[in-house]
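This report refers to the structure that appears directly beneath it.
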Amino acid sequence: MKAFVLFTLALAACSPDWPQYCYSNDYLTLKRYELNFTEKTPGGIWVDPTGQGVDLTLIDQLTDELEACLAIRVNRECIGVKIPDDWFVSPCSDEELLPIPADDSLCLAKGVTPTPECPCNWRVETQDDNIIVIPPDLKLYKAELARIVTGENNVWVVPDITKCL
């Protein structure tokens with residue numbers, strides 16, 4: 001129990017002070033990354049770049065675009081972006097991937113057959129309901145942000161959301 005309390009305190013020391021109400025969708029966290037938010041976009045979104053270059057203004061721009069298209073306001077104080085340092089580029093698709101295996105059926109449904117050289121991995125994930133874990137290309141940032149702020153788990157099947165991605 002003492003170790004749990006110390007872990008929780010250490011985590012809180014490395015995380016921003018989240019407002020009392022944030023988005024809560026109970027999405028499964030696939031891989032738990034250590035969070036150390038050292039930067040903030042001009043628009044107020046916390047970023048943990050893990051020592052990598054990331055365009056903070058692009059994060060705001062993509063957020064602005066999604067807000068305008070969906071006609072909603074994103075509670076930016078509740079959103080964090082983690083750019084992990086363990087992402088890689090698939091030699092088969094040239095996509096930036098996270099080292100988080102996805103079910104092969106998801107790739108097969110897109111017409112891609114996974115192999116050991118070309119695994120079926122996630123390109124983005126949500127950690128702890130409000131943290132977008134994504135490689136630096138930010139390719140699926142708007143999709144994951146839409147998932148968080150709308151509560152719609154599969155944003156690709158809702159035409160009013162899909163048109164904004």
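The values are calculated or read from the model by the stated rules, or taken from the named source; none is laboratory data. The structure presented is a predicted model; accordingly, all values stated were derived computationally and were not measured. FYI the Cβ positions are ideal-geometry reconstructions off the backbone, even for glycines, and counts take in every protein chain you see.
Descriptive notes on the structure:
- Meets criteria (in contact with a helix residue (DSSP H, G or I) (Cβ under 8 Å, 6 or more places away or on another chain), surrounded by 15 or more Cβ atoms within 10 Å (Cβ to Cβ) and farther than 28 Å from R73 by Cβ) for C120: yes
- Residue, nearest to D129 (Cα to Cα), within the stretch 47-105, restricted to residues that are over 13 Å from the mean Cα position of the chain (by Cα) and of a type in the set (K, R): R76
- Filtering the stretch 51-61 to residues that are modelled with pLDDT under 95 and in contact with a strand residue (DSSP E or B) (Cβ under 7 Å, 6 or more places away or on another chain) leaves only V54.
- Selection within the stretch 42-61 - in a loop (DSSP other than H, G, I, E, B) and either under 15 Å from Y141 (Cα atoms) or in contact with a Gly (Cβ under 8 Å, 6 or more places away or on another chain) (or both): I45, P49, V54, D55
- Test: residue in the stretch 138-160 that is more than 15 Å from the chain's Cα centre (by Cα) and of a type outside the set (A, V, I, L, M, F, W, C): yes
- Yes/no for D104 being of a type in the set (D, E) and either surrounded by fewer than 16 Cβ atoms within 10 Å (Cβ to Cβ) or within 22 Å of L165 (Cβ to Cβ) (or both): yes
- Taking the numbered list (1) more than 27 Å from G53 (Cβ to Cβ); (2) in contact with a Leu (Cβ under 9 Å, 6 or more places away or on another chain) in turn, T115 passes all entries but (2).
- Tabulated pairs, the stretch 132-160, first within 17 Å of G53 (Cα to Cα), second polar (S, T, N, Q) and buried (at least 18 other Cβ atoms within 10 Å of the Cβ), C-beta under 8 angstrom, 6+ apart or interchain: I132/T126; V133/T126; V133/Q127
- Checking the stretch 130-152 against the condition returns a match, with at least one residue being among the hydroxyl-bearing types (S, T, Y) and crowded, with 17+ Cβ neighbours inside 10 Å.
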